[in-house]
Amino acid sequence: MEIKLTSEIESFLDRCRSHIQEDEKNDFLGAHVTKATEHQVQKQMQEAGFAEFAGREDTWPSLFLSTDEWENSPYHSHVSLDLVKNAHFSYETQKTAGRELFNTDAIQKDPQRELNDWMKLRAMDRNFDAIYLFQDEKDWMMDAPSEAATNNVPAAKAHGNVLTFGLGIGYFLYMALQNPNVTSITCVENSPQVIEMFQRFLYPQFPHTKKVMILEGDAYALFNKEYLSQFDYVFTDIWQSSQDGLVCIEKLLMQYLPPFEQADFWIEDSCLEILWTLTYLYFGAKAHHHACKVNPAYAPLMHKVSRYYDAMDLVIDTVEPLKFYMYDTKTIRTILAQPK
């Protein structure tokens, strides 16, 4: 790849750099907000660069989520997590403060594709009871609104014979069963304790209108073309956060790169966000004809980025191709799938 450093490209690279260096958006995490102060906080978020508040004020989304709607959603109105209690699992109900901004979803992509990405911060409209689940007395999972937000989209996208890696409290499984386009669901879970807990306490509360198979198995042993080709849609959720998620996704894709529309990964954008920045750094170094230096922790990923684009016989003299490659998930999956 060759990048011609036009004034347009230089300005684009400068804007990206400026957005990377800004961290004001992080200051809103945990901020207290009330109905009386909501508009003031929205204006502050607009000034800090949250793209969802860039338009007219009458188009701004509310900062509040309805606690009643969450508590009465299909999963929560039918499944009682407080039934869970055996030798390995227990629960604890804790009063949780409402009216505090928290991250409700995967990272939100900058619509201008210039690294001005943001967290989707919302607050519950009142205090609520949150259920914390413990496995062998260690924190295992919290039943939180973000769990719903990050699972509802893939559950709605699911179709035909569905495969999911990771069981948890079965939220994705439950919501996918509500999807009329889903024929059957196979769930692969590596913990026999989780499977036993789920089948004893939670699955009896699920609708039994479609074929469901719950298998003990290792996602890494089964993430291959032969096994995945049996299914129309695959959803993988076997990590705790974006930190370990990127490592897991890379390992899986190095084994097999499935057709793009067949597979989704939990909070994928949050996991891949660092690749957007590394791609930008590569483009900047290429345009200015200098070596690209990164934190040693990211050197293996940077090597993959460089190797992928260095192999492209392409001359770029406009901004749009750079924006496309920086944010295109299919491209990033292909980069990650390269051997180390």
Of the residues in the stretch 174-192, those that are open to solvent by 40 Å² or more (accessible area, probe 1.4 Å) and in contact with a Lys or Arg (Cβ under 8 Å, 6 or more places away or on another chain) number 1
Can Lys251 be described as open to solvent by less than 10 Å² (accessible area, probe 1.4 Å), in contact with a helix residue (DSSP H, G or I) (Cβ under 7 Å, 6 or more places away or on another chain) and charged (D, E, K, R)?
no
Quick one: which helices (runs of 4 or more DSSP H) sit completely within the stretch 1-111 and have at least 3 residues that are open to solvent by less than 50 Å² (accessible area, probe 1.4 Å), farther than 30 Å from His208 by Cα and at pLDDT below 95?
none
Looking across the stretch 134-154 at residues that are open to solvent by 30 Å² or more (accessible area, probe 1.4 Å) and of a type in the set (S, T, N, Q), the single one that is farthest from the chain's Cα centre (by Cα) is Gln135
Those residues of the stretch 151-163 which are within 24 Å of Leu83 (Cα to Cα) and either among the β-branched types (Val, Ile, Thr) or touching a residue at least 40 places away in the same chain (Cβ under 8 Å) (or both) amount to Asn151
Members of the stretch 200-214 found to be surrounded by 13 or more Cβ atoms within 10 Å (Cβ to Cβ) and over 24 Å from the mean Cα position of the chain (by Cα), listed by number:
Arg200, Phe201, Leu202, Tyr203, Gln205, Phe206, Lys210, Val212
The stretch 290-340, residues that are touching a residue at least 40 places away in the same chain (Cβ under 8 Å), under 20 Å from Asp14 (Cβ atoms) and assigned to a loop (DSSP other than H, G, I, E, B):
Asp317, Thr318
Single residue of Ile131, Ile195 found to be surrounded by 15 or more Cβ atoms within 10 Å (Cβ to Cβ), β-branched (Val, Ile, Thr) and more than 22 Å from the chain's Cα centre (by Cα):
Ile195
Residues of the stretch 155-166 satisfying the condition of being open to solvent by 10 Å² or more (accessible area, probe 1.4 Å) and closer than 30 Å to Glu100 by Cβ
Ala156, Gly166
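The values are calculated or read from the model by the stated rules, or taken from the named source; none is laboratory data. It should be emphasised that the depicted structure is a prediction, and the values quoted were computed from it without experimental measurement. Quick reminder, even Gly has a Cβ in these numbers, built from the backbone with ideal geometry, and neighbours come from all protein chains shown. Accessible surface areas use protein heavy atoms only, side chains included; no ligands, DNA or RNA. Shrake-Rupley method; radii C 1.70, N 1.55, O 1.52, S 1.80 Å.
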